[in-house]
Amino acid sequence: MALYFELFVVILGLSLIHGEINSIVIYPKEETLLYRNGTMVVLSCQVRSKENGTELKWEGSVVMSTINSLNVDPETKDELLTNNLTITSFKSVNSGVYTCKHVNRNAVLSQASRTLKLVTETKEGFTFNEANKTESANLSCNINLPNVKNVTWIKNNIDLSDKSHYIEENNTLTIKNPERKHAGTYIARFFIEGSSDHYDCEVDFTAPPHVDDFEKAKNLIQDDNMELQCKVQGFPHAVVTWYKDDIELNVTEGGRVTLMPLNGYKNAHLKIKSVEFSDAGEYECKAYSAYFDVSSSKKVTVRVKDKLAALWPFLGIVGEVIILCTIIFIYEKRRNKRAEQEEINAQEADDAISDKKDGLRHRNTTSNNPTA
């Protein structure tokens, strides 16, 4: 009896392993997939099999093209079959159920399906106008799915539901006191009833480019590193170009001058290593939008001083102190000499007066004594 039980367990285990090996997996894994018009669709069907001569086949509304591939796992020696179904531009005729079948001599070993639906969008964006500002901007999107549960608005992966500056109502997002900084792509995320799937509708808030002001001037010392950031607002993103003294900046790979992205704008961050005197000049950042066919630009003057420039004022101060000390020394020396001379003259004058008094005293004595 125990032997029959062990045999039953082994057979059951082998059947389970066989089922896992021949089980089809389709990516994406959601059973119902929503696509907008013109989207490229790729469904990847995979199965792991120990049987030779098996293959994967797609069946559906319109099978555009499929690519089969076969790989062998070096450890288990299992065959990994893959068949990708590609629809280059999804349209209404492509909507329907697509089934991937794992077959062997026309026998179906396993199969799995995906339902593809075309979503029609009706949406309205907003364009910012600096000369004609409004108190609010409305973005809206509606889709042709009847079983929508709710809608959440998102920008830059941030849920706007709890943001006081935004109001969500009836598939419409209201932006209070819109500014250029609010420009960008907003997503109306529709959640489908009875499904974990969602559909994203993109709505654009557009604005012509505007380059923020630079500092008036930038003073550097020779061998310093220079950085200039061109901060641009607007959407769609403009193309940023740098100029020096009205000539487009020449950037070579591996050189001292490099251009890096900034806030999603390519080449908006200018870096120059170990600046030289030749790097001084007037730099201009220009942002051009092909969407609006307008440009915005700002300029900044860069000055490069000698690395010893900070020493010259100090040496000047030292020189002034030395000259002042020399003048004071000469003046004091002359003043002391003059004082000594005046003291000598005063002494001589006192001696002369004293001698005169002695002479007068002698004559008076002689006149009072006639016998003398």
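The values are calculated or read from the model by the stated rules, or taken from the named source; none is laboratory data. As the structure is a prediction and not an experimental result, all values here were calculated from the model. For neighbour counting, all protein chains shown are included, and Cβ atoms are generated from backbone atoms with ideal geometry for every residue, glycine included. Note: areas computed on protein heavy atoms with side chains; ligands, DNA, RNA excluded. Shrake-Rupley method; radii C 1.70, N 1.55, O 1.52, S 1.80 Å.
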Selected from Tyr283, Asn267, Ser296, residue furthest toward positive end of dipole (the stretch 210-297; charges at beta carbon): Asn267
Cα-based helix-to-principal-axis angle, 311-368 vs the chain, degrees rounded to 10: 10
HN-Hα J in Hz across the stretch 71-80 - Karplus 6.51, -1.76, 1.60, θ = phi - 60°, x for Gly and Pro: 10, 10, 5, x, 8, 8, 6, 6, 8, 9
Estimated vicinal HN-Hα couplings, Hz - the stretch 252-268 in sequence order (Karplus 6.51, -1.76, 1.60; Gly, Pro = x): 10, 5, x, x, 6, 9, 10, 10, 10, x, 8, 6, x, 9, 5, 6, 7
Karplus-derived 3J(HN,Hα), 6.51/-1.76/1.60, for each residue of the stretch 122-132, Hz, glycine and proline x: 10, 9, 9, x, 8, 10, 7, 10, 4, 7, 9
Sequence-distant residues sharing a close amide H with Ser110 (under 5 Å, placed H): His102
By average C-beta atoms within 10 angstrom, highest first, the peptides 162-170, 219-227: 219-227, 162-170
Chain lengthening between Lys133 and Lys333 when straightened (0.36 nm per residue, less Cα-Cα): 64.1 nm
Inter-site label distance for Glu342 and Val257 at 7 Å from Cα along Cβ, in nm: 7.1
FRET efficiency for Lys299 and Asn177, using Cβ-Cβ distance with R0 set to 25 Å, rounded to 0.05: 0.25
Residue of Leu259, Leu56, Leu324 that the Gaussian network model of the chain assigns the largest fluctuation, springs spanning Cα pairs under 10 Å: Leu324
GNM result for the chain, Cα springs below 10 Å: residue of Thr54, Thr206, Thr326 fluctuating most strongly: Thr326
Amide hydrogen neighbours beyond the local backbone of Leu220, cut-off 5 Å, H modeled: Arg303, Val304, Lys305
Partnerless Cys - the chain, beta-carbon criterion under 4.7 Å: Cys325
Helix 2-21 vs. the chain, principal-axis angle (Cα, 0 to 90°, nearest 10): 60
Long pairs among Lys77/Lys117; Lys50/Lys117; Lys29/Lys77; Lys155/Lys271, criterion Cα-Cα beyond 32 Å: Lys77/Lys117; Lys50/Lys117
(1) -0.30, -0.40, -0.76, -0.92; (2) -0.67, -0.78, -1.02, -1.07; (3) -0.35, -0.46, -0.83, -0.97, with the label sought being that of the calculated log10 I(q)/I(0) by the Debye sum over Cα atoms at q = 0.07, 0.08, 0.11, 0.12 Å⁻¹: (2)
Residues of the stretch 213-341: accessible area per residue with a 1.4 Å probe, Å²: 68
For Ala268, distant residues with modelled amide H under 5 Å away: Met260, Leu262
